[in-house]
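This report concerns only the one structure given below.
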Amino acid sequence: MKNILVLCTGNSCRSQLAEGYLRYFAGDKAKVYSAGIETHGVNPKAIQVMADDGIDITQHTSNNVDEYLSIPFDYLITVCDNANENCPYFPGKMERFHHNFPDPAKAQGTPEEIMNEFRRVRDMIKRYCEDFVKRHIL
């Protein structure tokens, strides 16, 4: 079983979406964690857009990357430039991947426009995670 860590700035949105999808696509072939350089709590809109796609992340927690420094990760995926630039050193033979997804929490406009941005980013992350699992886990 592979250990995967998804890292973002606040572990509130993008990394939570990725954790949910990686768990869904990898099943019992990977243990998936997410963390942030900081912790901002899980964004309720992230929970909502995942529920809209049939994935429950209500039990996810917002964790600091320092909590996981002792875990031997096989893969580290940073989902924003800030996390990629400020990621702490992890010992071992971990492969690092990076994709800078837009931050839907910064979306502005009407409530519907904001939710549309969350859905757009969710779908980008879903495609990325499905492809990642096909290439590296299955």
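Quick notes on this structure:
Conditions (1) of a type in the set (G, A, S); (2) touching a helix residue (DSSP H, G or I) at 6+ places or on another chain (Cβ under 9 Å); (3) over 15 Å from S34 (Cα atoms), marked per residue:
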site	(1), (2), (3)
Q48	no, yes, yes
I55	no, yes, yes
N64	no, no, no
I71	no, no, no
F90	no, yes, no
R96	no, yes, no
E117	no, yes, yes
R120	no, yes, yes
E130	no, yes, yes
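- Scanning the range 75-99 for residues that are open to solvent by less than 60 Å² (accessible area, probe 1.4 Å) and either at positive phi or touching an Asp or Glu at 6+ places or on another chain (Cβ under 9 Å) (or both) gives Y75, L76, T78, C80, P88, M94.
- Residues that are closer than 17 Å to E19 by Cα and either more than 15 Å from the chain's Cα centre (by Cα) or charged (D, E, K, R) (or both), drawn from the range 103-119: D103, R119
- Residue within the range 28-41 that is among the β-branched types (V, I, T) and closer than 22 Å to Y128 by Cα present: yes
- Selection count where residues are surrounded by 13 or more Cβ atoms within 10 Å (Cβ to Cβ) and in a helix (DSSP H, G or I), scope the range 100-138: 21
- Among the residues of the range 9-18, the one identified as part of a helix (DSSP H, G or I) and open to solvent by 10 Å² or more (accessible area, probe 1.4 Å) is R14.
- Leading residue by the ranking (nearest to A26 (Cα to Cα)) among those in the range 63-99 that are of a type in the set (F, W, Y) and not in a strand (DSSP E or B): F73
- Filter result (modelled with pLDDT under 95 and farther than 17 Å from N3 by Cα) within the range 57-86: C80, D81, N82, A83, N84, E85, N86
- Of all residues in the range 24-69, those being acidic (D, E) and more than 26 Å from K106 (Cβ to Cβ) number 1.
- Residue within the range 45-52 that is modelled with pLDDT of 95 or more, assigned to a strand (DSSP E or B) and of a type in the set (K, R) present: no
- Candidate set: the range 22-47, residues that are out of contact with any strand residue (DSSP E or B) (no Cβ under 9 Å at 6 or more places or on another chain) and closer than 20 Å to V65 by Cβ; chosen: the one least open to solvent (accessible area, probe 1.4 Å): A46
The values are calculated or read from the model by the stated rules, or taken from the named source; none is laboratory data. Quick caveat: nothing in here was measured; it's all calculated off a predicted structure. When we count neighbours, we look across all protein chains shown, and the Cβ atoms used for this are built from the backbone with ideal geometry, even at glycine. For the accessible areas, the whole protein counts, side chains as well, though only heavy atoms, and no ligand, DNA or RNA atoms are used. Shrake-Rupley method; radii C 1.70, N 1.55, O 1.52, S 1.80 Å.
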